[in-house]
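Below is one structure, written out as structure tokens; comments come after it.
The values are calculated or read from the model by the stated rules, or taken from the named source; none is laboratory data. These figures come from a predicted structure and were not determined experimentally. Neighbour counts are summed over all protein chains in view; Cβ atoms, including those assigned to glycine, are modelled from backbone coordinates with ideal geometry. With ligands, DNA and RNA removed, areas are computed over all heavy atoms of the protein, side chains included. Shrake-Rupley method; radii C 1.70, N 1.55, O 1.52, S 1.80 Å.
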Amino acid sequence: MSVVLNFRSHLSDLFAQAVRIVAPEVTEIDIVIERPKHVQHGDYACNLAMQLARLLRKAPNEIARSLITALPTSHVVEKVEIAGAGFINIFITVAAKQNVVHGVLRAGMGYGHIHLGAGRKLQVEFVSANPTGPLHVGHGRGAAVGDCLCRVLQAAGWNVTREFYYNDAGVQIDNLAISVQLRCMGISPDDLSWPENGYRGEYIADVARAYMAQEMVEADDQHVQASGDIGDLRAIRSFSVAYLRSEQDLDLRAFGVNFDVYSLESALYTDGKVEETVNRLIASGYTYEQDNALWLRTTDFGDDKDRVMRKSDGSYTYFVPDVAYHLDKWRRGFVRVINEQGADHHSTITRVRAGLQALDAGIPPDWPDYVLHQMVTVLRNGEEVKISKRAGSYVTLRDLIDEVGCDATRFFLAARHPDSQLVFDIDLAKSKSNENPVYYIQYAHARICSVLGQWKGDIAELHRANVSVLDSENERALLQHLIDYPQVIESAAKDLAPHLIAFFLKDLAADLHGYYNATRFLVEDEDIKLARLALIAAVAQVMRNGLALLGVSAPAKM
RNA sequence: GUGCCCGUAGCUCAAUCGGAUAGAGCACCAGCCUUCUAAGCUGGGGGUUACAGGUUCGAUUCCUGUCGGGCACGCCA
């Protein structure tokens, strides 16, 4: 008897065959196999009969009966029932469910990996903070969501590239260079001569000190030696950018986020890609000159007004290198690109897509994809920590990692739907108590490790456990969770919603704690003992796999 | 004013391309440690899914409007 690990796709296949017999004229129909909320509705449910009712002009119940008759037999199906308005409820045999324990133990770290992406090239661009200051909580959310998304998509079979884009060529960088230069000259933001657009944060003084001390900084691909020459704005500029990039890289590394590719806006200029993009846009006929500037008719592609490409001073707006950058992504062969950004950048979506359409390069109109996360507010001692752009003060990612820890910070930032505003309660994230979901999950894993450690047996023995004795309510619930795990990865990957992993793990941990309290594992009966240990070993494996997707550790002891 | 996102238990949040009786945690109440980690478990109360319509077998989910919160509306990024 073969072990079926993915019941949903197995059932989907069975129903597809049934449809070919019952309604051969219907060729295009989505077969939805869902998990009912209530146990009396079986393990899986199919609404096919209701979907077909209108097409076939027959009563759903009648269609359901025909479908069941036409359904090929399967050793994993215990029985099927018609219920409600025409749902077909499917009950899986207990033996098939119990076998998932062996499936998980055999697959190990690979359990839950699916082939949705089929090895296709996908790129996620995230964080992409300007090198003008330290990363703050908002960037942290982008880093956590983006990185977890990458891990989920990899588990779903995509060939994922993590990419960071530095806007190191615009007006903001000029402001940065001037701010550092002023600090080098001993002028502070309190001074009346401090420019309106200057950066006021204390970190600017750190950059200035390092520059004056002729320090050397390394940022990924470059080494920059400070000359200490106050008059050399270009030198100050490149040193400042390298310095802040290097700081950001350290923060990200401490956060467990590693990028495969760093792209620099400045490189798009030096490589001629910006110029090429401009020429192509002009050639496409969507541009025009007005008010001494060059415009792109983005309104032809759904924008609410046309956008300036080349300013009256001759330089380009940020949006031109953005288009050039995305054309480059397309040429690098990414079938799918996902840009994870703060929602305050949402207006760029229409613009970038419009620019790409104007290129007439065969790029799909809805390419690239976007995941936008909403704002993060930070709570300390029950009060909101206000950010002050004027004073340049805010809660940095580094502060959070130092104070709260990497695990809790990642979990809190990734465990909510990106679309909803997030309140980061520092005291809650720090608390080592039952209020903290991170520890709740990790504790479940540690408890299992502790039991397995006291057993002192060889894990390989568990592969031979007779799992047919696993039939209590707690055991059934845990088996079902193990079975659901690959499906959760599929949902998270399809919906670009990594927070689903966190909720799954909370549920799994709750069931494990319940089981732990209700059951003794190290009992006399060898069969029962091995079966129970095999089950919790499989649970621990899935917890490790799931936590790995969040980038959160799975400690064996707490 | 226009566009996008959000509105679910007192609080923080879920809800499987529209599915069957909307779920967790916290807080509150009552219990469980001489037995594998009590950072845990068991039970209890708590809802007109902001509001009003519409679409259909069926709506927290889709559409329209109203109210409330956030963000964006630059030749900044």
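For A:L496, the conditions (1) on the phi < 0 side of the Ramachandran plot; (2) in contact with a Pro (Cβ under 9 Å, 6 or more places away or on another chain) are fulfilled apart from (1).
Residues that are open to solvent by 30 Å² or more (accessible area, probe 1.4 Å), farther than 30 Å from A:R532 by Cβ and small (G, A, S) do occur in the range A:62-76.
Listed conditions (1) open to solvent by less than 10 Å² (accessible area, probe 1.4 Å); (2) at pLDDT 95 or above; (3) under 28 Å from A:Q421 (Cβ atoms) are all met by A:V101, apart from (3). So which residues in the range A:209-222 are open to solvent by 90 Å² or more (accessible area, probe 1.4 Å) and in a loop (DSSP other than H, G, I, E, B)? Selection gives A:Q214, A:D220, A:D221.
The set of residues in the range A:223-253 being open to solvent by less than 70 Å² (accessible area, probe 1.4 Å) and part of a loop (DSSP other than H, G, I, E, B) consists of A:A226, A:S227, A:G228, A:I230, A:G231, A:D232.
Being touching a Pro at 6+ places or on another chain (Cβ under 9 Å) and within 30 Å of A:S179 (Cβ to Cβ) narrows it down to one residue among A:V308, A:V274; which is it? The unique qualifying residue is A:V274. When A:L327, A:L268, A:L296 are checked against the criterion of being over 26 Å from A:Q222 (Cα atoms), touching a residue at least 40 places away in the same chain (Cβ under 8 Å) and more than 9 Å from RNA strand B (Cβ to nearest atom), A:L296 stands alone in meeting it. Residues that are within 13 Å of RNA strand B (Cβ to nearest atom), farther than 30 Å from A:V39 by Cβ and without any contact (Cβ under 8 Å) to a residue 60 or more places away in the chain do not occur anywhere in the range A:141-158.
Of everything in the range A:531-542 that is within 13 Å of RNA strand B (Cβ to nearest atom) and open to solvent by less than 40 Å² (accessible area, probe 1.4 Å), the residue that is farthest from A:A155 (Cα to Cα) is A:L533.
The set of residues in the range A:52-74 that are assigned to a helix (DSSP H, G or I) and modelled with pLDDT of 85 or more comprises A:L52, A:P60, A:N61, A:E62, A:I63, A:A64, A:R65, A:S66, A:L67, A:I68, A:T69, A:A70.
Taking the numbered list (1) in a loop (DSSP other than H, G, I, E, B); (2) crowded, with 21+ Cβ neighbours inside 10 Å in turn, A:I31 passes all entries but (2).
Can you say whether A:T132 is open to solvent by 10 Å² or more (accessible area, probe 1.4 Å), in contact with a strand residue (DSSP E or B) (Cβ under 7 Å, 6 or more places away or on another chain) and touching a residue at least 12 places away in the same chain (Cβ under 8 Å), as far as the supplied structure shows? So A:T132 does not fit the description; no.
Restricting to the range A:430-481, name every residue that is farther than 15 Å from A:L530 by Cβ, part of a helix (DSSP H, G or I) and open to solvent by 60 Å² or more (accessible area, probe 1.4 Å). A:K430, A:Y440, A:Y443, A:E473, A:R476 - these are the residues of the range A:430-481 that are farther than 15 Å from A:L530 by Cβ, part of a helix (DSSP H, G or I) and open to solvent by 60 Å² or more (accessible area, probe 1.4 Å). Considering the range A:428-444, and only residues there that are touching a Lys or Arg at 6+ places or on another chain (Cβ under 7 Å) and not hydroxyl-bearing (S, T, Y), the residue that is nearest to A:Q541 (Cα to Cα) turns out to be A:I441. For the range A:141-172, the tally of residues that are modelled with pLDDT under 95 and outside any loop (DSSP other than H, G, I, E, B) stands at 3. Please work out if A:D419 is over 30 Å from A:G514 (Cα atoms), within 11 Å of RNA strand B (Cβ to nearest atom) and loosely packed, with under 14 Cβ neighbours inside 10 Å. It is true that A:D419 is over 30 Å from A:G514 (Cα atoms), within 11 Å of RNA strand B (Cβ to nearest atom) and loosely packed, with under 14 Cβ neighbours inside 10 Å.
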